[in-house]
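Just below is one structure, and these are the notes that go with it.
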Amino acid sequence: MKHRSITGILFSLTPLTTMAATPFAGDELTVVQTQPARAVLDAATDAVIRVTFDRAVDPKTLGIETFHAFSRGGGSLVGPLTISRDGRTVSLDPVRDATPGEPVTVTIGHGLRGIDGSSLRSRGHQFRYWTQAGVGSLEFEIAQSITTRAYPGEDVIPYGGTATDLDGDGWIDLSIVNEATDDVRVFLNAGDATCRVDAFLQPTSAVGAVPSPSEPADFDLDGHADLCTANIAGDSVSVLLGNGDGTYRPAQTLETGDGARGITVLDLDGDGDLDIASSAYFSNNLRLLFNDGTGVFGDLTSLNPGINGEWSIQADDMDGDGLFDLVIGGQSQIRVLLASEAGGFTIHSTRPVSGRTWQLNLADLNGDGAVDVACVNSFANEGTIFLNDGDGGLLPGTIHETDPFPLASDLGDLDGDGDVDWITSSYNGDWFLFLNDGSGGFEFHASFDAPIAASCSLPVDMDRDGDLDLVFVDELDDSMIIMSNGGYDPPARPGDFDGNGTVDGADLGVMLASWGPCPAPCPPDLNGDGRVDGGDLGLLLVEWD
């Protein structure tokens, strides 16, 4: 365990009661309850994360290296860590909210100790929950179509990307991974509640040859979102550490060999930092890359899951034991590997698929508290839903037809009804939206036309109105289409008294005409103190265009 100070992390403790019990030999500090609960889909975005143990924890061992959380859209959820009066419950109260409709991963490292000297098990503890998405009308309108090219005619091939707040301003930004230019291009959110993004930042971030799937994380635990990519032709994995302003530091690229195709993030060794698992298609193997705690990766091991042509991979707790397991999709099979408390993984469940599982996603699809699987099977022109039997086993799949050659499968509660919906992207077709009936049954709802090749979708709240919008990526058109869920309905801007979308001289005139005492309702009284004065003028100038 590496110890270092983390700027911005607050730490406070409430008094502890005295622990009289002495543990038996081999007795372990154990998680008995989490709040929010594992796999729930309706956690509040401002939820305090609480983990209760079977005994009091030692406050000297509690810190960001042993207890932290990361949200896919919001980034690192840093804030004060506190311990309950009886010493058993640790709480993390993030200083900023998670974003709606996203997974949040909580990681507890084995460096955490009980006040009686007991240790958390060597593989630590992880759990994931989802935040609640607001109700969406599903009346999508194009908010923006934007090229990923630096100049006309450039061949970019944006395969996909991630949607995460990179600069800490509360608006979700886009990191788009490009196979032809071997780079990541960052599009910062315009932050004006229109779903729009600005032109990508220059220079771009170079990664290995033909980068494909990617995952966000905070690898160095500095509170800034990082990124990793699997590089197909480069036979490698690249790690980009974020600077907190939308830019990344130069990539660390590690050779993994044999066609890196899939990538996922989890704590493989229980030390509290986040590691990487990647699939190596040509060797029918997985590559496990270990983080030294500072975001530097060195040790690499191989794991043979026993299926052919490993393509897609994701991690989550499939059997409810607090360890992240691996789900792998191959040429003709999908397989669950359960993490063992003693180390390593064991084969648990295998189901046949037709036509290569190009991508898969994990979430509770039927509301039973167990994590299920949604995948797309490229050469079969179909997707499959596999429900969990409750112990990590996959029940027989339900097949849904897609457009030809589906590449991407994505999940999000687009209608805000409390279950997760499904979007498929087809290289030789369009984007399909399937709505969940709440029991894991999916019905086709809508098709969205692709300019050339539907390659990826990102369900995410781009305009901060609470519901999930859609970012579509077309790899042959070298473009993104951002779809607003419900059309434009941005919140009123403070100081925009005439409602024209800008704060300018006309609004200043309205304020000056109301100068002095101004009883409510009085829009120019921006600070609500019953007067229009210099304080309100200052707030107006902050919003000035």
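Can you figure out the FRET efficiency of TYR151 with ALA506, using R₀ = 35 Å and their beta-carbon distance, to the nearest 0.05?
The calculated FRET efficiency here is 0.35.
Across 10 Å bins from the origin, how do the percents of Cα pairs in the stretch 38-169 run, short distances first?
11, 32, 27, 16, 9, 4, 0
Carbon and sulfur: what percent of the chain's accessible surface (1.4 Å probe)?
Taking all protein chains in place, the chain shows 51 percent carbon and sulfur surface.
Using modelled backbone amide H atoms (1.01 Å from N, in-plane), which distant-in-sequence or interchain residues come within less than 5 Å of MET462's amide H?
Amide H to amide H, under 5 Å and 5 or more residues apart or across chains, MET462 pairs with ASP469.
Extension gain GLU401-GLN33, at 0.36 nm per residue separation less the Cα-Cα distance, in nm?
128.5 nm
What is the list of residues in the stretch 245-284 whose amide nitrogen lies under 20 Å from a point 7 angstrom out from the Cα of ALA206, following Cα to Cβ?
Residues 247-257 qualify, since their backbone N sits under 20 Å from the label point.
Averaged per residue, what accessible surface does the chain expose to a 1.4 Å probe, in Å²?
Ligands and nucleic acids excluded, the figure is 37 Å² per residue.
Taking the convex hull of the alpha carbon atoms in the stretch 287-329, what volume per residue do you get, in Å³?
Given the Cα convex hull of the stretch 287-329, per-residue volume reads 102 Å³.
Using 0.36 nm per residue of separation minus the Cα-Cα distance, give me the extension gain between LEU476 and ILE452 in nm, one decimal.
8.0 nm
Residues of the stretch 394-427 with amide nitrogen under 18 Å from the 7 Å Cα-to-Cβ point of VAL135?
Only 413-421 pass the distance filter.
Hey, with R₀ at 60 Å, roughly what FRET efficiency would ASN304 and LEU539 work out to, going by the Cβ-Cβ distance, to 0.05?
The formula returns an efficiency of 0.45 here.
Report the gain in length on full extension from VAL95 to ALA180: 0.36 nm times residue separation, minus Cα-Cα distance, nm rounded to one decimal.
26.7 nm
Would you please put 396-409, 336-349 in order of how densely packed they are, using the mean number of other Cβ atoms within 10 angstrom per residue and starting with the highest?
Descending packing order for the listed peptides: 396-409, 336-349.
Select one label from (1) 95, 68, 38; (2) 99, 48, 42; (3) 75, 65, 44: the one whose number is Cα extents along the principal axes in Å as derived from the coordinates shown.
Step by step, Cα extents along the principal axes in Å for this structure corresponds to label (3).
Return the FRET efficiency for the residue pair ASP86, VAL48: r is the Cβ-Cβ distance, R0 is 22 Å, and the value is rounded to the nearest 0.05.
Efficiency, from the Cβ-Cβ distance: 0.80.
Taking only DSSP H segments of four or more residues, each worth -39500 (n - 2.57), what value at 222 nm results for the chain once the sum is divided by all its residues, to the nearest 500 deg cm²/dmol?
That comes out to -1000 deg cm²/dmol.
The values are calculated or read from the model by the stated rules, or taken from the named source; none is laboratory data. Because the structure is predicted, anything quoted here is derived from the model rather than measured. Cβ atoms come from the backbone with ideal geometry, glycine included; neighbour counts cover every protein chain shown. Heads up: the accessible areas ignore ligands, DNA and RNA and are worked out on the full protein's heavy atoms, side chains in. Shrake-Rupley method; radii C 1.70, N 1.55, O 1.52, S 1.80 Å.
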